[in-house]
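The values are calculated or read from the model by the stated rules, or taken from the named source; none is laboratory data. Predicted, not measured: the structure shown is a model, and the values here were computed from it. Positions of Cβ are backbone-derived with ideal geometry, glycine not excepted, and every protein chain shown enters the neighbour counts. Each accessible area value is taken on the protein alone, full model and side chains, heavy atoms only, with ligands, DNA and RNA left out. Shrake-Rupley method; radii C 1.70, N 1.55, O 1.52, S 1.80 Å.
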Amino acid sequence: MQGLMMDYPLTLTPILERAPKLFGNKEIVTKAGTTLERETFAEWAPRVARLANVLEKLGVRRGDRVATFAWNNARHLELYFAVPCMGAVLHPLNLRLPADQLAYIINHAQDSVLFVDPTLLPAIEKLASQLKGVKHFVVMGDTVPETTLAPVHAYEELLRGASDAYPFPQLDENDAAGMCYTSGTTGNPKGVVYSHRSIVLHSMGLAMTSSFGIRESDTVMPVVPMFHVMAWGLPFVCVMVGANLVFPGPHMQPRDLAELIQAERVTLTAGVPTLWLGLMNLLEHERYDLSSLHTMIVGGSAAPQFLIEKMQKQYGLQIIHAWGMTEMSPLGTVSRLKKAQLQLPETEQFALRAKQGLPVPGVEIRAMDDMGNEVPWDGKTFGELQVRGPWIAREYYRDERSADSFRDGWFRTGDVVTIDAEGFVQIVDRTKDLVKSGGEWISSVDLENAIMSHPQVLEAAVIAVAHPKWQERPLACVVPKPDFKDTLTKKDILEHLRARFASWELPDDVIFIDAVPKTSVGKFDKKVLRAQYRDYILPER
Ligand code: ADP
């Protein structure tokens, strides 16, 4: 017997259409230089329709890829809906990728039109000769500045000449809506293609109270870039529920963010740990009224417990830890405590909140050992995390590496985890970052987080260095806070770690560096450090 419910396609179009009707006066705010630009959903929706007409005029057809090279801003949000709702595929490009990788992904995705923020033109000009399929460039401003790109148009001029009525087509929910490439720690980036259906379901996943819990009364500031897994899906869910959006544009320094939260009364924000570490350091010296914030989502790499704890205790700011991946749209787990866990002693609660949390409904998990057996949920046994669900990729876009990652209906994340009896996932490390010392594995993440909890440390990364006897041993690369540059010692760091780690887990050496290199999305880039210290000779222990 079949259910007798409507076969109603899950596409972005109804989300686009309901926003101006239900939430016409809600705002999209963009920081541009020293001013704040404002656009209501009532103004935004007709501009999305104009943009769809423009795209059609530029020759964009169903299934064509349209690239963006832009900061987080209102025009980018117009593209987020115009492109997929007219049946094309939105492809936000990572602003910080090296030129050769950018050219690779633009060509691999076969982008046919490229939208670019005026300040970012030089990066695209440099590549233009390598771009095979791009037929039009559109500068996201009022006029076209002096440029070598051709043919090139100004966004606002195109919009002025277009009708604000557009007959959005009936789409299949499995049609492609967007694509993002992983930032690719080895080899070329891999493409992930999201469908309308996956984005709609993922948006509902984000709106659930036990997940991000985003609703109409929120003012959401996505600090995570719109090119990084579609700003973790936040733009879509905000339009869906009618939340205000605040975009920082290129202004992402801790002071810019604090000012914006204060001025716009932001209630929820999201970004990688380095951002919130930066904000925490700012708050040590400067005062802001951040009382409007009820949730700061952190993800993308492991958030240290001391960050969650200090922000809560000292500044009353609630950091919620979440884990996800480009292949997962990205929502995977969220660390909100269960009712019974709220009765635990405070230190245990913070330890749980520092885990990556429970899989949200829609995401199924299991952890597997090397032999392909599922490991027990005991909070101790390591295994590789595998996932499946309706917003998780089933393969990469035209990429033979798919076979390594997608097997038997599961996606292999490459993350080593423990899962406890309550279902809380803890990421121990990425497979390639674990330090394999003799028969034992040492979590570089645990060591880093413990080192960063030292009050005189700004950042720390732990990498594996080859060792004649043990195969690999940990080397700690530490950045002291500016005031302690000349005084912090190796002994201080090791003393700080001794209470929490067995002696065989301690780093064999501690070196002091100026900064931890970062990836294009702001995570610690340990492959740079690994290359730099490949031949490092560790001292005798
Ligand atoms: P990239 O591979 O381009 O860095 P992703 O954003 O897809 O892009 O990275 C996903 C990976 O980031 C995960 O596999 C995991 O290793 C790491 N990660 C994401 N969130 C967390 C988190 N909360 N804690 C620890 N690691 C995380």
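Rank-order 451-457, 489-495 by packing density, defined as the average count of other C-beta atoms within 10 Å over each peptide's residues, highest first.
451-457, 489-495
Indicate, rounded to the nearest 5 percent, the antiparallel portion of the DSSP beta bridges found entirely in the chain. Just about 60 percent of them are antiparallel. Of the accessible area of the chain, computed with a 1.4 Å probe over protein heavy atoms only, carbon and sulfur atoms account for 51 percent. Straight-line cross-link partners of Lys518 among the lysines, defined as a Cα under 22 Å from its Cα and at least 8 positions apart when in the same chain: Lys190, Lys432, Lys481, Lys485, Lys526, Lys527.
For the chain, the relative contact order is 10 percent, taking Cα pairs closer than 8 Å that sit 6 or more residues apart in sequence and dividing their mean separation by the residue count.
For the range 178-283, the list of GluC sites (Glu not before Pro) that fall in a loop by DSSP and count at most 15 other C-beta atoms within 10 angstrom reads Glu216.
For the range 48-154, GluC sites (Glu not before Pro) are listed when DSSP marks them as loop and at most 11 other Cβ atoms sit within 10 Å of their Cβ; the list is Glu146. Extents of the chain, largest first, come to 72, 64, 47 Å (Cα atoms, principal axes, whole angstrom). Under a model in which nothing but the beta-carbon of Lys, Arg (+1) and Asp, Glu (-1) is charged, the chain shows a dipole of about 200 debye around its Cα centre.
DSSP beta bridges in the range 80-228, what fraction antiparallel, as a percent rounded to 5? Can you show the working numbers first?
Values: 5 of 13 bridges.
The answer is about 40 percent antiparallel.
Here the range 435-532 is treated with +1 on each Lys and Arg Cβ and -1 on each Asp and Glu Cβ, and its dipole about the Cα centre works out to around 220 debye. Considering only Tyr397, Ile105, His91, the residue lying farthest towards the positive end of the dipole of the chain is Tyr397, judged by Cα position with unit charges set on Cβ.
What shape does the range 432-535 take by its C-alpha gyration tensor, where a ≥ b ≥ c are the square roots of the eigenvalues and a/c under 1.5 counts as rounded, a/b above b/c as prolate, and the rest as oblate? Working shown, then result.
Numbers: a/c = 1.74, a/b = 1.20, b/c = 1.46.
In terms of gyration-tensor shape, oblate.
Specify whether the C-alpha gyration tensor of the range 71-133 places it in the rounded, prolate or oblate class, a ≥ b ≥ c being the square roots of the eigenvalues: rounded for a/c under 1.5, otherwise prolate if a/b is larger than b/c and oblate if not. Here the range 71-133 falls in the oblate category. Of the residues Gln253, Phe81, Ile320, the one whose Cα sits farthest toward the positive end of the charge dipole of the chain, with +1 on the Cβ of Lys and Arg and -1 on the Cβ of Asp and Glu, is Phe81.
Quick one: which residues, 5 or more positions from Leu458 or on another chain, have an amide H under 5 Å from its amide H? H modelled 1.01 Å from N in the peptide plane, none for Pro or chain starts. Residues meeting the criterion, in which the H sits 1.01 Å from N, are Val479, Lys481.
In this structure, the amide hydrogen of Val246, modeled 1.01 Å from its nitrogen in the peptide plane, lies closer than 5 angstrom to those of Val29, Val220, Met221, counting only residues at least 5 positions away or on a different chain.
A helix-only calculation puts the chain at -8500 deg cm²/dmol for mean residue ellipticity at 222 nm, using -39500 (n - 2.57) for each DSSP H run of at least four residues, averaged over all residues.
Relative to the current alpha-carbon distance between Thr347 and Arg287, full extension at 0.36 nm per residue lengthens the span by 18.9 nm. By the rule of a C-alpha distance below 18 Å, with chain neighbours fewer than 8 residues away ignored, the lysines paired with Lys469 are Lys436.
Excluding ligands, DNA and RNA, the accessible surface per residue across the chain is 43 Å² with a 1.4 Å probe. Per-residue 3J(HN,Hα) values for the range 518-527, derived from phi via the Karplus relation 6.51 cos²θ - 1.76 cosθ + 1.60 with θ = phi - 60°, read 10, 7, 5, 10, x, 8, 4, 9, 6, 5 Hz in sequence order (x marks Gly and Pro). The spacing between the range 88-148 and the range 181-258, judged by their C-alpha centroids, is 22 Å. The slack in the chain from Thr119 to Met5, taken as 0.36 nm per residue of separation less the alpha-carbon distance, amounts to 36.1 nm.
For the range 13-252, a/c is less than 1.5, where a ≥ b ≥ c are the root eigenvalues of the C-alpha gyration tensor. That puts it in the rounded class. Around the Cα centre of the range 13-252, unit charges on the Cβ atoms of Lys, Arg, Asp and Glu (plus for the first two, minus for the last two) sum to a dipole of about 320 debye. Sequence-ordered 3J(HN,Hα) estimates for the range 401-408 from the Karplus curve with 6.51, -1.76 and 1.60 and θ = phi - 60° stand at 6, 3, 4, 6, 9, 10, 9, 6 Hz, glycine and proline given as x.
Each residue, Asp408 and Lys481, gets one label point 7 Å from its Cα in the Cβ direction; the gap between the two is 4.9 nm.
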